[in-house]
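Q: Pasting a structure below so you can have a look.
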Amino acid sequence: MDQPSPGSTYPHGYVMEDEIDLREYIDVIRRRWKLIVGVTVVAVIAAGVVSFLLPPTYEASSVVLITEPRYQMQFEPRFETVQGWQPAYKAFPELATSDGVLESVVDAYDPSPAARIEDWRLRALKGAVEASWQGDPSLVKLTVSCRSPEDAAGIANVWADRLVDR
């Protein structure tokens, strides 16, 4: 189907124009400037009030490097270790957030009252932790969010130790 030439009429009576007239938009902004400024000021004040009322949250991170074993045992000459073995790197963040690893962190660490964690259980810890790998899959980043910077760092360090033990 042929394209209509500029300025011609489409079948439904629409006219195609070469230029967009910005004057209409500027007129709307001029007429509604008080509303635009008012909504912006209210949004800034609301964001300020909410951020002022929320308690501060601190983050601490630990990084665990996954390496290949130094020694590979061979008990029987008929059974060999496959060369080029690669650990399942993508499974380590999942292992880090598993119930077994996190439960051992709950058992090993006692948060201070500054952390404001009333019920120190697996559920409370699961809501405050995140494990990921970024870039190099052999580096697992463990991130803990807490209201106390000392507790955030302590939990992250214990968590890394428990993951390494596993």
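Q: Across region 48-62, which residue is least open to solvent (accessible area, probe 1.4 Å) among those that are within 20 Å of A156 (Cα to Cα) and modelled with pLDDT under 90?
A: Checked region 48-62; the qualifying residue least open to solvent (accessible area, probe 1.4 Å) is P56.
Conditions (1) open to solvent by 20 Å² or more (accessible area, probe 1.4 Å); (2) aliphatic (A, V, I, L, M); (3) at pLDDT below 90, marked per residue:
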residue	(1), (2), (3)
V105	no, yes, no
L125	no, yes, no
S138	no, no, yes
D151	no, no, no
V158	yes, yes, no
D165	yes, no, yes
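Q: Still on this structure, I have one more. Before we move on, is A91 within 23 Å of the chain's Cα centre (by Cα), of a type in the set (A, V, I, L, M, F, W, C), closer than 21 Å to E68 by Cβ and open to solvent by less than 80 Å² (accessible area, probe 1.4 Å)?
A: So A91 fits the description; yes.
Let's see how each residue does on (1) farther than 30 Å from I155 by Cα; (2) modelled with pLDDT of 95 or more:
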site	(1), (2)
Q3	yes, no
E19	yes, no
L22	yes, no
D27	yes, no
V39	yes, yes
I45	yes, yes
V64	no, no
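The values are calculated or read from the model by the stated rules, or taken from the named source; none is laboratory data. Please read all numbers here as calculations on a predicted model, not as lab measurements. No Cβ is skipped: glycine too gets one built from the backbone with ideal geometry, and neighbour counts run over all protein chains shown. Protein only, heavy atoms only, side chains kept; ligands, DNA and RNA dropped before computing areas. Shrake-Rupley method; radii C 1.70, N 1.55, O 1.52, S 1.80 Å.
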